[in-house]
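The values are calculated or read from the model by the stated rules, or taken from the named source; none is laboratory data. Everything numeric here is computed off the predicted structure, so don't read it as measured data. Using ideal geometry, Cβ is built from the backbone for each residue, glycine included, and neighbour counts are taken over all protein chains shown.
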Amino acid sequence: MGPVPGGNSNSVAAVGGGANSGEAPRAFNPYSHLDAYGQSTSDSGFEARGSSRAPQPLSYAMHTAPLPHVSNLHPHHLSSHAFFLSPTQREELARRNDAVHAAAVPPEQGGPHLPEELHVYHSLVPLEAAHGSALPPALTDPRVAPPTAPGASLHLSGAAGEPSRVFGYRSTAYKALCTLDGKAYVLRRLEGFRLQHEAAIGLVERWRRIRHPSIVSVREAFTTRAFGDQSIVFVYDYHPLSTTLYGEHMVPKPPQLDRRTGRLQAVSMSISERTLWSYATQLTNVLRCIHGHGLAARCIEPSKVLRTGKNRVRLNGCSVFDVIAYDPRASASTLAAQQGEDLLNLGKLLVSLACNSMAAVQNLPKSLEQVTRSYSAELKNLILWLLGKPAPSKTADELGRLLGSHVADEVDSALNYADLLESGLSKELENARLVRLLCKFGFINERPEFDHDPRWSETGDRYIIKLFRDHVFHAVDDAGRPVVDLSHILTNLNKLDAGSEEKMMLTSRDEQSCLVVSYREIKNCVEAAFQDLSRAR
């Protein structure tokens, strides 16, 4: 074994801490029960009940493969992606982050003139192409469907000056940042509305108390003249890159290239029955919550149901009709009629989705014939029940009982998805530890000079760190080819961070120095060198 450059003859022994080195007894090693491969040396993976052996802490020295209940549902080939969040999930989250931070197009580049501040909100960004305005590139990613934020639907805006078909007023949606908490929200502006009753806007407070996973939460409403007219603004939670059921299932999609044939193929607009049941179940749960709070949704319409994920829908536009159509003489019978209309509108929504057309509700007999040909009798009977005459027994709670088995299917799907997300999260669990370790390597290795010693990073304990760096990142095979193996890197870094007692051989680049050290000893070198740098600040 060659000498350590710049060190004395006892430097390796000092690092190793041998039995005769005179140092204090070693601290308890949590990995003494592991062999050289990180496996337990006991005969069984389970300790007997009542064993006197001290419990061992978790071993961070090994990468944990996906659990069977997740990997069997979602099989994948072993690759670098097996160690991290899936590329699909990562890309989706990255796109959403881009949408949150997207800025408005300046007026000199064709963007609209918007107020710098509106109430407690600023940095307004249009979320739909209303009145000929341009959208930021981050919000018009050609790789995804045209984004519509909560309440934003391209077909509602139409040409400049055209009122919303749903609300009856010209409507525009903006993303904005709140000065109070720094979060992004959606501002839904109705132009030309004059508040006649102060009590009307107070109804928004009742909606604020409702928190449901399938409702786009309402935050507040206020009137403003910041746009040069009398407008009312409703504030909702922001769900980046969400679309509407109208845009998802009723707007024809452009042909897509078939990778197998190389030809353009028409995109099927039909919706699977399982998806329709999922939509019906989620919206039923929404109505049960809203009706239970003594309110009516009054906005069950394809352009007012957001799709914020795969088959994940949220009801949007809540509280708008309560304000703009406020009736001070409303009674309990009025509320009952509005709640009954919610169920009727849900039936019309399902018919429109099943037929992929908003015009389907104008000719129900013909549309129901199409439903009969494409879907089961159970789904048709549900639609007929929703479209039937109002009755005291026709409530959202009764609808929930009719959907019993499909509610169970929806729960199963939600649990499977939760398992998938938890598996993705577990892959990212140790990233912070490894990043901190790599940062320490960056501070120590190849440092030009420290403490007036230009060879500081090449001598003593730092030389051992350099050899370990070469072993992990600069290894070559028998043919001299670089070893580009992510599992090799992760295994060594995890064992180093855990301070494993497993020993390894480190060889210098000129093959003149050869050291046999443990991961624990290398970890001590890293910590000592980093402490030297920290104390010099």
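For the reader, a short list of remarks on this structure follows.
- Where helices (runs of 4 or more DSSP H) fall entirely within segment 332-439, those with at least 1 residues that are modelled with pLDDT under 95 are at 332-355, 364-374, 396-402, 404-427.
- Screening residue 300 against (1) closer than 26 Å to residue 335 by Cα; (2) loosely packed, with under 15 Cβ neighbours inside 10 Å; (3) more than 25 Å from the chain's Cα centre (by Cα) leaves a single unmet condition, (2).
- Residues of segment 223-242 satisfying the condition of being of a type outside the set (Ser, Thr, Tyr) and either touching a Gly at 6+ places or on another chain (Cβ under 7 Å) or not assigned by TED's automatic domain parsing to the domain that holds residue 197 (or both): 229, 230
- Scanning segment 244-270 for residues that are of a type in the set (Val, Ile, Thr) and without any contact (Cβ under 8 Å) to a residue 40 or more places away in the chain yields a total of 2.
- Residue within segment 520-536 that is over 35 Å from the mean Cα position of the chain (by Cα) and aromatic (Phe, Trp, Tyr) present: yes
- Output for segment 361-389, where each listed residue is of a type in the set (Lys, Arg) and loosely packed, with under 12 Cβ neighbours inside 10 Å: 366, 373, 389
- Looking across segment 473-518 at every residue that is under 44 Å from the mean Cα position of the chain (by Cα) and in a strand (DSSP E or B), the one that is modelled with the lowest pLDDT is identified as 476.
- Test: residue 195 is among the hydrophobic types (A, V, I, L, M, F, W, C), surrounded by 21 or more Cβ atoms within 10 Å (Cβ to Cβ) and at pLDDT below 95: no
- One residue stands out in segment 459-481 among those that are surrounded by 15 or more Cβ atoms within 10 Å (Cβ to Cβ) and β-branched (Val, Ile, Thr): the one that is nearest to residue 531 (Cα to Cα), namely 465.
- Test for residue 249: is it of a type outside the set (Gly, Ala, Ser) and crowded, with 19+ Cβ neighbours inside 10 Å: yes
Results for (1) surrounded by 11 or more Cβ atoms within 10 Å (Cβ to Cβ); (2) under 30 Å from residue 497 (Cα atoms); (3) in contact with a helix residue (DSSP H, G or I) (Cβ under 8 Å, 6 or more places away or on another chain); (4) assigned by TED's automatic domain parsing to the domain that holds residue 338, shown as yes or no for each residue.
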| residue | (1), (2), (3), (4) |
| --- | --- |
| 394 | yes, no, yes, yes |
| 403 | yes, no, yes, yes |
| 406 | yes, no, yes, yes |
| 410 | yes, no, yes, yes |
| 415 | no, no, no, yes |
| 419 | yes, yes, yes, yes |
| 444 | yes, yes, yes, no |
| 449 | no, yes, yes, no |
| 455 | yes, yes, no, no |
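- Checked against the criterion of being within 31 Å of the chain's Cα centre (by Cα) and free of Cβ contacts under 8 Å to residues at least 12 places away in the same chain, segment 220-243 contains not a single residue that satisfies it.
- The lone exception for residue 260 - which of (1) buried (at least 22 other Cβ atoms within 10 Å of the Cβ); (2) outside the structural domain of residue 395 (by TED's automatic domain parsing) it fails: (1)
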